[in-house]
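The values are calculated or read from the model by the stated rules, or taken from the named source; none is laboratory data. Fair warning: this is a prediction, and the values are worked out from it, not measured in the lab. Note that we place each Cβ from the backbone using ideal geometry, even for glycine, and neighbour counts take in every protein chain shown. Each accessible area value is taken on the protein alone, full model and side chains, heavy atoms only, with ligands, DNA and RNA left out. Shrake-Rupley method; radii C 1.70, N 1.55, O 1.52, S 1.80 Å.
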Amino acid sequence: SSACSPRWQRVHQWSNHLELGLVWLGIPYRILATPVWLLGAQTLAVAAAAFPIEAIARRITRDRLISTLAALAMLLTPQLVLADLADFHAATLCVLPIAILAWGIEVDSPRAVAIAAIAAISLREQMGLLLVAAGVAWVIRHGRRRLLAALALGAGGLVFFFIAVKWLVPAFGSGQSFRYMAQYNRLGGTADGVLATAAREPLTFLAMAFQGNRKLFVLELASAALPLLLLSLREIRRAAWPLLLAAPLLAVQLYSDEPAKWSIQSHYGAPLVPLFAAAAVMALALVPAKNDLRTLAAAAWLSLVMMHDAHALPSPLGPASAFDSAFSRSPRFAALRKAIAAVPPQAS
């Protein structure tokens with residue numbers, strides 16, 4: 001209403017991020033207005049992302065046990081589990097199309113690459129940068145015969161990104177600039193400022209990506225798969241190319257001034273998980289097959305993931321946890337009931 005402070009007036013969701021791929025969720029909401037549709041769609045997307053990773057592992061190793069271990073290692077990665085527990089976010093949904101994109105590049109399927117690319121950019125505008133890297137990776141993996149398709153993929157992603165950031169998203173925000181650029185004040189706070197900073201001080205610009213706890217975030221993302229990721233660097237064409245796709249997404253996070261962007265407790269790192277998993281899976285092909293060494297390597301990866309889970313995930317038992325038998329009789333329960341009852345029915 002006009003009496004509201006401008007700070008609390010409604011804003012269009014697409015003034016934050018262009019999320020065309022979520023429009024279909026309006027259909028089940030018409031049937032029954034419940035967040036279960038959102039949380040269910042997110043969990044299904046995360047779970048389904050295991051299938052492309054399992055398919056890559058089975059194709060490379062021709063071993064169902066190894067491929068199953070690899071799929072479980074990806075699904076149980078703390079960043080992915082925490083993202084699925086942390087409310088609904090379109091970035092978490094991106095896990096599925098990114099996993100399909102990695103599979104499409106590996107098996108050299110233009111149809112799979114195209115479908116995954118469209119799905120990814122429909123969920124988040126920065127996925128356009130992912131497609132630029134995907135085009136480079138496609139050529140590295142399959143040679144110059146994919147050059148034209150890769151150029152089309154990269155150019156399409158770059159054009160979409162700039163149109164979305166420069167015009168489409170601001171158009172839903174009363175013509176204001178892309179508001180998330182304010183999270184990059186260290187680099188200049190605008191797209192032009194970022195480019196100027198990179199051109200003027202390139203070494204300083206690169207170092208800024210690893211200041212403070214940012215380097216710890218990278219280690220936490222990759223910790224369980226780190227031995228395999230390091231092994232993948234021996235063969236960029238065969239194994240390490242998924243890390244190229246991760247680079248622009250990781251840069252978007254590491255250069256941000258917002259600490260949540262570089263914390264595995266937030267959802268922002270979820271799209272990176274299938275890319276790290278794909279590189280780790282391909283590194284298994286570099287492990288000798290004799291004496292079950294590949295199986296042992298996959299089992300060690302899963303074991304490290306579970307150890308990381310024990311350290312990073314919240315306990316499901318105890319006060320304020322998922323299973324808190326005393327919660328319904330606590331003062332906090334009564335206070336929350338009053339607070340929720342005070343929220344207007346038409347609130348955003």
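Just a few scattered comments:
- Once the 1.4 Å probe is applied to the protein heavy atoms, the range 157-306 comes out at 48 Å² accessible per residue.
- Each Cα pair under 8 Å and six or more residues apart adds its sequence gap; the mean of these over the residue count of the range 116-172 is a relative contact order of 40 percent.
- Rolling a 1.4 angstrom probe over the chain with all protein chains present gives an accessible area of which 66% lies on carbon and sulfur atoms.
- Full extension of the chain between Asp324 and Leu158 gives 55.0 nm of extra length, using 0.36 nm per residue less the Cα-Cα distance.
- Averaging the Cα positions of each part gives two centres, and for the range 247-320 and the range 60-75 these lie 15 Å apart.
- Length gained when the stretch Arg30-Leu317 is fully extended (0.36 nm per residue, less Cα-Cα span): 99.8 nm
- In nm, spacing of pseudo-spin labels at Ala342 and Lys166 (7 Å Cα→C-beta vector): 4.7
- Cross-link partners for Lys166 among the lysines, with Cα-Cα distance under 27 Å and sequence neighbours closer than 8 places in the same chain left out: Lys261.
- Shape category assigned to the range 1-156 from the gyration tensor of Cα positions, a/c cut at 1.5: oblate
- Candidates Thr197, Thr34, Thr295: whichever shows maximal mean-square fluctuation once the chain is modelled as a Gaussian network with Cα springs under 10 Å: Thr34
- Among Leu231, Leu130, Leu317, the largest mean-square fluctuation in a Gaussian network model of the chain, built with springs joining Cα atoms closer than 10 Å, belongs to Leu317.
- Förster radius 35 Å - calculated FRET efficiency between Leu85 and Arg144 (Cβ-Cβ, nearest 0.05): 0.20
- The chain: relative contact order in percent, alpha carbon pairs under 8 Å with at least 6 residues between: 23
- The GNM of the chain, with springs linking C-alpha atoms under 10 angstrom apart, assigns the highest mean-square fluctuation among Ala207, Ala283, Ala222 to Ala207.
- Against the set [x] 1.34; [y] 0.94; [z] 0.99, the structure's computed Rg/Rh (Cα atoms, Kirkwood Rh) falls on [z].
- Phi-based couplings in Hz for the range 71-84 (Karplus 6.51, -1.76, 1.60; Gly and Pro marked x): 5, 5, 4, 5, 4, 8, 4, x, 4, 6, 5, 5, 5, 6
- Taking amide hydrogens as placed 1.01 Å from N in the peptide plane, the amide H of Leu18 sits under 5 Å from those of Glu125, each at least 5 positions away in sequence or on another chain.
- Between Phe333 and Leu39, the simple label model (points 7 Å from Cα in the Cβ direction) yields a spacing of 1.7 nm.
- R0 of 22 Å, Cβ-Cβ distance Leu20-Ala48: FRET efficiency to nearest 0.05: 0.65
- FRET efficiency for Ala310 and Gln265, using Cβ-Cβ distance with R0 set to 22 Å, rounded to 0.05: 0.90
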